[in-house]
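Undergrad: So that we are looking at the same thing, I have put the structure below in structure tokens.
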Amino acid sequence: MATKTYDPETLARFSAELEGKDPQEILRWAADEFQPGLTMACSFGGPTGMVLLDMMMQIDPTVEVFYLDTDFLFPETYRLRDVCEQKYGFKPIGYKSLLTPAAQAAQHGDALWARDPDACCEIRKVEPNHRALVGKSAWLSGMRRDQAKTRADIGIVEWDTKFDLVKLNPLAAWDEKQVWAYIMANGVPYNELHDRGYPSIGCTYCTKAVKEGEDPRSGRWAGFDKEECGIQEGSITILEHEGKI
């Protein structure tokens, strides 16, 4: 499938023009601009992804939805996936590592996540994410500026250097209160672990509950100087990108 090409100035203009717009308006624009070939990442873990899924299914249910099945997801995460399939009438595509957990242990030793979580994430998340985006024109992400200091400056439209693709963050300007207000007002299903002290949900081995008042991301990769799985690290503002895209 042939895709459009965009110069940095055009994407910067897109991002600036979309600032302040409702997420639904951004999603409608994205569907018009990038379909066919627009894809959406949904982890069935974070509440932002559930909001995006609910909005997108009402705007254009033909947009592909994918998730990264690391083989170490919580049962509650798989259960939410199944609930969403029933509610919205779609089939998300799961991308797995090329290594089974047993093969990973044979090559890298047992419990790689406990010794080198970056390497584990690269194998079980980043590489599958590459395959999920092959041939796509752009991808939708649930990143928000209030989630972590590493995300404070994300744009609505970015060039993702890691995956060489346009990346869209329709809820970048929303905060946690707005996300949950939408979920409650619209009956959006969410991961039940949120009700048990898990504000941020990833794999079973690298996610724990947090106490009230703690950083919501402190439950991820506890004991390591790590805040991202590696998927989001290629996101930069278009103004920082040099050269023709």
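The values are calculated or read from the model by the stated rules, or taken from the named source; none is laboratory data. Bear in mind the structure is a predicted one, so any value in this text is a computation, not a measurement. Note that we place each Cβ from the backbone using ideal geometry, even for glycine, and neighbour counts take in every protein chain shown. Accessible surface areas use protein heavy atoms only, side chains included; no ligands, DNA or RNA. Shrake-Rupley method; radii C 1.70, N 1.55, O 1.52, S 1.80 Å.
Undergrad: Asp54: charged (D, E, K, R), over 18 Å from the mean Cα position of the chain (by Cα) and at pLDDT 95 or above, yes or no?
TA: For Asp54, the condition - charged (D, E, K, R), over 18 Å from the mean Cα position of the chain (by Cα) and at pLDDT 95 or above - is not met.
Yes/no matrix, rows are residues, columns are (1) open to solvent by 30 Å² or more (accessible area, probe 1.4 Å); (2) at pLDDT below 80; (3) not in a loop (DSSP other than H, G, I, E, B):
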{"position": "Gly142", "(1), (2), (3)": "no, no, no"}
{"position": "Leu193", "(1), (2), (3)": "no, no, yes"}
{"position": "Lys211", "(1), (2), (3)": "yes, yes, no"}
{"position": "Glu228", "(1), (2), (3)": "no, yes, no"}
{"position": "Ile236", "(1), (2), (3)": "yes, yes, yes"}
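Undergrad: Restricted to the range 149-191, and to residues that are among the basic types (Lys, Arg) and either in contact with a Gly (Cβ under 7 Å, 6 or more places away or on another chain) or assigned to a helix (DSSP H, G or I) (or both), which residue is nearest to Ser15 (Cα to Cα)?
TA: Filtering the range 149-191 for residues that are among the basic types (Lys, Arg) and either in contact with a Gly (Cβ under 7 Å, 6 or more places away or on another chain) or assigned to a helix (DSSP H, G or I) (or both), the one nearest to Ser15 (Cα to Cα) comes out as Arg151.
Undergrad: Can you report the number of residues in the range 147-162 which are of a type in the set (A, V, I, L, M, F, W, C), open to solvent by less than 20 Å² (accessible area, probe 1.4 Å) and at pLDDT 80 or above?
TA: Matching residues across the range 147-162 total 3.
Undergrad: Report, ordered by the first and then the second residue, all pairs with beta carbons closer than 9 Å, sequence separation of six or more or different chains, a first member in the range 97-112 that is in contact (Cβ under 8 Å) with a residue 24 or more places away in the chain, and a second member that is assigned to a loop (DSSP other than H, G, I, E, B) and open to solvent by 30 Å² or more (accessible area, probe 1.4 Å).
TA: Here the result reads Ser97/Asp71; Thr100/Asp71; Pro101/Asp71, each pair linking the range 97-112 to a residue that is assigned to a loop (DSSP other than H, G, I, E, B) and open to solvent by 30 Å² or more (accessible area, probe 1.4 Å).
Undergrad: Every residue in the range 10-19 that is without any contact (Cβ under 8 Å) to a residue 60 or more places away in the chain and within 19 Å of Asp153 (Cβ to Cβ), please.
TA: Listed by number, the residues that qualify are Arg13, Ala16, Glu17.
Undergrad: Answer with yes or no whether Asn169 is of a type in the set (S, T, N, Q), buried (at least 18 other Cβ atoms within 10 Å of the Cβ) and on the phi < 0 side of the Ramachandran plot.
TA: Criteria met by Asn169.
Undergrad: Here are Ala119, Ala132, Ala103: which of them is among the hydrophobic types (A, V, I, L, M, F, W, C), part of a helix (DSSP H, G or I), open to solvent by less than 60 Å² (accessible area, probe 1.4 Å) and under 27 Å from Thr10 (Cα atoms)?
TA: The match here is Ala132.
Undergrad: Select from the range 20-63 the residues that are acidic (Asp, Glu) and touching a residue at least 40 places away in the same chain (Cβ under 8 Å) and write down the one among them that is surrounded by the most Cβ atoms within 10 Å (Cβ to Cβ).
TA: Ranking the qualifying residues of the range 20-63, first place goes to Asp54.
Undergrad: Does the range 71-88 contain any residue that is open to solvent by 70 Å² or more (accessible area, probe 1.4 Å) and part of a loop (DSSP other than H, G, I, E, B)?
TA: No; the residues of the range 71-88 include none that is open to solvent by 70 Å² or more (accessible area, probe 1.4 Å) and part of a loop (DSSP other than H, G, I, E, B).
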